[in-house]
Amino acid sequence: MASFFQDARLPQQRVVEGVAFPAVVVPTATAGGGGIDEFLAAVRSERETRLETLVRDAGALLLRGFPARTAGDFDRAVDAFGYEELPYVGGAAPRTNVVGRVFTANESPPDQKIPFHHEMAQVPTFPSKLFFFCEVEPKSGGETPIVLSHYVYKRMKEKFPEFVEKLEKDGLIYTRVLGEGDDPSSPIGRGWQSTFLTKDKAFAEERAAKLGMKLEWTDDGVKTIMGPIPAVKWDESRGRKIWFNSMVAAYTGWKDARNDPVKAVTFGDGSPLPADVIEECGKILEEECVAVPWQHGDILLVDNWAVLHSRRSFEPPRRILASLCK
């Protein structure tokens, strides 16, 4: 049977180690007139043979031009891929459930950039796959840049071997101060009640303990201490080391009325991170990234083991939805 999907090339794509990043598919000429049900059936039938192979090889897959137009369509598309949902427990970003297993992406103000990170790298239970969906195209800006994690590790190892050696030995400690409720003005403004999905402090303690997280309660919130936790991981399926952390994001972006980003992340022995190395790492991430402008209906599937992502500032309107998978 003919495929529903055909490879496409975009000017923003990069070729990394011989592979186009991200992989991009569009409808074939015969599939172009199909509706949402035909698209979902094609995802189910070609998921293992075609789509997952592209994700594994490239690390990320953009599906463009397909008939998923609404949050409900996106929810059905995620379901068609067959991955189990991951509850958003322990993450920092303020999010709102839209429908089914679909949430808003980080709701921080449009003038704020969100630095590169692996989703929920600061906790031991994190998604293996992320879906993003463009429900409303940005007026300008608002891309979701992506970068290959193993390539970032390789460049950092070449440039800062002693730093990377200490990072691999000691890991990182992430510290964040949470209020009770969500603060949508902050990129890390998720309050403790939505972070732990409870209003019960004892239950929050239990959930934190399962994550290996320590809690220190204050008059109006709680300080969370996570780690030491590895900052470099081994990607078993691809046989390579990956830069699996939120170091740059925490050091440069975990800033609000409660949090000082310099104190938000340290080496696992408690010693401070060198600002110059963090700055250089940020430059490497930007140099190696790909930023494809969003179009309405785009679905971006990201392998969280392979790829870091970020968000550029934008001029509204913009509405990107997300779904996390085990």
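The values are calculated or read from the model by the stated rules, or taken from the named source; none is laboratory data. As the structure is a prediction and not an experimental result, all values here were calculated from the model. In this analysis, Cβ positions are derived from the backbone assuming ideal geometry, glycine residues included, and neighbour counts consider all displayed protein chains. To get the accessible areas, we keep the full protein, side chains included, count just its heavy atoms, and leave off ligands, DNA and RNA. Shrake-Rupley method; radii C 1.70, N 1.55, O 1.52, S 1.80 Å.
Assorted remarks:
- Charging the Cβ of each Asp and Glu at -1 and of each Lys and Arg at +1, and nothing else, the dipole of the chain about its Cα centre rounds to 220 debye.
- Annotation: Cα Rg of the chain relative to the compact-globule expectation 2.2 N^0.38 Å equals 0.98.
- Loop-resident trypsin sites (Lys or Arg not before Pro) (DSSP state other than H, G, I, E or B) in the stretch 1-67 with no more than 10 further Cβ atoms inside 10 Å of their Cβ: R9.
- 0 to 90° range, to nearest 10: angle between helix 149-159 axis and the chain longest Cα axis: 50 degrees
- Residue-level accessible surface for R155, protein heavy atoms, 1.4 Å, Å²: 60 Å²
- The solvent-accessible area of S149, taken with every protein chain present and a 1.4 Å probe, is close to 0 Å².
- Rel. contact order, % - alpha carbon contacts under 8 angstrom, at least six apart, the chain: 32 percent
- Only protein heavy atoms count here; on that basis, with a 1.4 Å probe, Y83 has an accessible area of about 30 Å².
- Qualifying GluC sites (Glu not before Pro) in the stretch 174-240, DSSP loop, other Cβ atoms within 10 Å at most 13: E180, E236
- Helical contribution to [θ] at 222 nm, DSSP H n ≥ 4, -39,500 (n - 2.57), averaged over the chain, rounded to 500: -8000 deg cm²/dmol
- The C-alpha atoms of the chain define a longest principal axis, and helix 71-81 lies at about 90 degrees to it.
- Computed lengthening from E38 to K139, 0.36 nm per intervening residue step minus Cα-Cα distance: 33.3 nm
- Taking amide H as placed 1.01 Å from N in the peptide plane, the amide H of V98 sits under 5 Å from that of F103, T104, each at least 5 places away or on another chain.
- With the charge dipole of the stretch 149-286 set up from +1 on Lys and Arg Cβ and -1 on Asp and Glu Cβ about the Cα centre, the Cα lying farthest toward the positive end among the listed residues L172, S271, M156 is that of M156.
- Of the GluC sites (Glu not before Pro) in the stretch 1-50, the ones in a loop by DSSP (not H, G, I, E or B) with at most 13 other beta carbons within 10 Å are E17.
- Here the stretch 88-160 is described by how far its Cα atoms reach on the three principal axes: 43, 33, 19 Å, from widest to narrowest.
- Degrees between helix 36-46 axis and first principal axis of the chain (Cα, 0 to 90, nearest 10): 80 degrees
- Radius, Kirkwood style, for the stretch 104-201 when every pair of distinct Cα atoms is counted (Å): 16.6 Å
- In Hz, Karplus ³J(HN,Hα) per residue of the stretch 112-119 (6.51, -1.76, 1.60; θ = phi - 60°; x = Gly, Pro): 8, 7, 10, x, 5, 6, 7, 4
- Estimated inter-spin distance, V19 and D200, nm [label 7 Å along Cα→Cβ]: 4.4 nm
- Taken over the stretch 63-172, lysine pairs spaced eight or more positions apart, or on distinct chains, with alpha carbons under 18 Å apart number 6.
- ³J(HN,Hα) computed for each position of the stretch 194-211 - Karplus, 6.51 cos²θ - 1.76 cosθ + 1.60, integer Hz, glycine/proline x: 7, 4, 9, 6, 7, 9, 9, 4, 5, 5, 4, 4, 4, 5, 5, 4, 5, 7
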